[in-house]
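What follows is one structure encoded as structure tokens, with my remarks underneath.
The values are calculated or read from the model by the stated rules, or taken from the named source; none is laboratory data. Computed from a predicted model, the values in this text were never measured in an experiment. Here the Cβ positions follow ideal geometry from the backbone for every residue, glycine too, while neighbour counts run over all protein chains shown. Areas reflect the complete protein model, heavy atoms only, side chains present, ligands, DNA and RNA absent. Shrake-Rupley method; radii C 1.70, N 1.55, O 1.52, S 1.80 Å.
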Amino acid sequence: MSDPSTESLAAPSGPRSMRDLWEAEPALRHRYLARLVPAPLLEHYGLGPPRSWSEGPEGVFRCLEVPGEDAVRLEVWPDPAGEDPALVLELTDTYLGHLEASWIVINDIHGPRFHVDRDPQGNPIPLGSTVRNLREEIRALAAGLAPNQVRPGLRMFRPLIRGVEAFARTLGVEILYVAPLAYHNAIKYEQYGFTYSSGQEQMEWIHREFQPGGVLRARMDGSRPFRMPWMSDTVRGRSWAIHDGVLGRRWMAPQMYKFVSRDFHTRTFPNAVW
């Protein structure tokens, strides 16, 4: 049975892409974007439904155009003067007319912050840079975080992904893409129904070589905090080791996709332990 609330938005003349959405009347754009904010996140931070949006760097609910891209960036700042948002979601049109979730962050803004995104002098580290803040990374590792996390998460990824799928349906989009920035992201996306358009062979090789007798497991010799032997058997441990260069080369992000409302059940790390 179809969702009546979805049908009310999916009018034939309504937006069919992120470019259409950005060019629509603000009131319509804001109605669409409101559907993307998970209800559990609103409840967690004591926020009401997002009825008004700022199209600039202020306010609790913000929607921003991404320069040079057919994309919209959505941010939720329970504390508008705080250091980090609770939610960042960037959605981009693909050249084939599908939708890519190109950036997803969910933060516990009341949790401790780990400055893995800044160098030891406090300067921002550009995405993709080889610069690292090892002291902060070791703190994050010890606190149970994964690579690139600056704060603990809120375990709300599932309702967010389901919300993005419902949103895609309102646009008439059938395929959702993601580009995992780290190994643990790829495993997480598998668990939410994504499979690979490229990179599955790499993921299967990584799993195989972390097994007893594998070349990656042999490199987990305890010589560095990110290469302790136990880390071979966990998603988070493997991700830190890969972030630390255990592959002997940089991580090449696979390309992943799913059909809206369909799960592929791909598992390159069967029975994965976080």
Can you tell me which residue in region 176-215 is farthest from the chain's Cα centre (by Cα), limited to those that are modelled with pLDDT of 95 or more and of a type in the set (Gly, Ala, Ser)? Gly213
Residue, nearest to Tyr45 (Cα to Cα), within region 136-156, restricted to residues that are in contact (Cβ under 8 Å) with a residue 24 or more places away in the chain, buried (at least 17 other Cβ atoms within 10 Å of the Cβ) and charged (D, E, K, R): Arg151
Listed residues Pro180, Pro159; which is touching a helix residue (DSSP H, G or I) at 6+ places or on another chain (Cβ under 7 Å), open to solvent by 40 Å² or more (accessible area, probe 1.4 Å) and at negative phi? Pro159
Asn107 fails exactly one of the following numbered conditions: (1) open to solvent by less than 30 Å² (accessible area, probe 1.4 Å); (2) in contact with a strand residue (DSSP E or B) (Cβ under 7 Å, 6 or more places away or on another chain). What is the number of that condition? (2)
Might you check whether a residue that is closer than 24 Å to His44 by Cα and not in a strand (DSSP E or B) occurs anywhere in region 196-217? no
Based on what the data block shows, is Arg16 within 14 Å of Val173 (Cβ to Cβ) and either at pLDDT below 80 or surrounded by 15 or more Cβ atoms within 10 Å (Cβ to Cβ) (or both)? yes
For region 180-193, give me each residue that is in contact with a Ser or Thr (Cβ under 7 Å, 6 or more places away or on another chain) and either farther than 20 Å from Gly237 by Cα or of a type in the set (D, E, K, R) (or both). Glu190
What are the residues in region 110-132 that are within 18 Å of the chain's Cα centre (by Cα), loosely packed, with under 14 Cβ neighbours inside 10 Å and of a type in the set (A, V, I, L, M), if any? Leu127
